[in-house]
1. In deg cm²/dmol and to the nearest 500, what is the mean residue ellipticity at 222 nm of the chain if only DSSP H runs of at least 4 residues count, each as -39500 (n - 2.57), divided by the residue total?
2. Does the chain come out rounded, prolate or oblate by the C-alpha gyration tensor, with a ≥ b ≥ c the root eigenvalues, rounded set by a/c under 1.5 and, if not, prolate when a/b is larger than b/c and oblate if not?
3. Test of understanding: ordering 3, 31, 68 by Cβ neighbours within 10 Å, fewest first, what list do you get?
4. I want to verify a result. In a Gaussian network model of the chain, Cα cutoff 10 Å, which of these has the top mean-square fluctuation: 39, 12, 30?
């Protein structure tokens with residue numbers, strides 16, 4: 001990232017479809033799936049391994065759950 005906070009890029013990509021299969025309560029059925037607020041969750045943290053991005057993970061808050 002540049003000093004002026006420009007130059008962002010996508011480093012991680014997650015598939016919320018897999019998470020919604022295991023935790024269907026995160027899907028807001030009354031919304032359009034293309035809506036950015038279709039899933040109900042909050043990112044609590046991104047835990048990064050110092051030398052190994054393959055072992056990095058997100059901690060998500062779901063309704064009545066927190067998952068890694």
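1. Values: 1 runs with 7 residues, N = 68.
Helix contribution divided over all residues of the chain: -2500 deg cm²/dmol.
2. On the way: a/c = 2.44, a/b = 1.48, b/c = 1.65.
Because a/c hits 1.5 or more and a/b fails to exceed b/c, the chain counts as oblate.
3. Details: 3 6, 31 13, 68 9.
In order of increasing Cβ crowding within 10 Å: 3, 68, 31.
4. With Cα springs under 10 Å in the chain, the top fluctuation among 39, 12, 30 is at 30.
We did not get these values from a lab; they are worked out from the coordinates using the rules stated. Remember, predicted model here, so these are calculated numbers, not experimental data. As a convention, Cβ positions derive from the backbone with ideal geometry for all residues, glycine included, and neighbour counts pool all protein chains shown.
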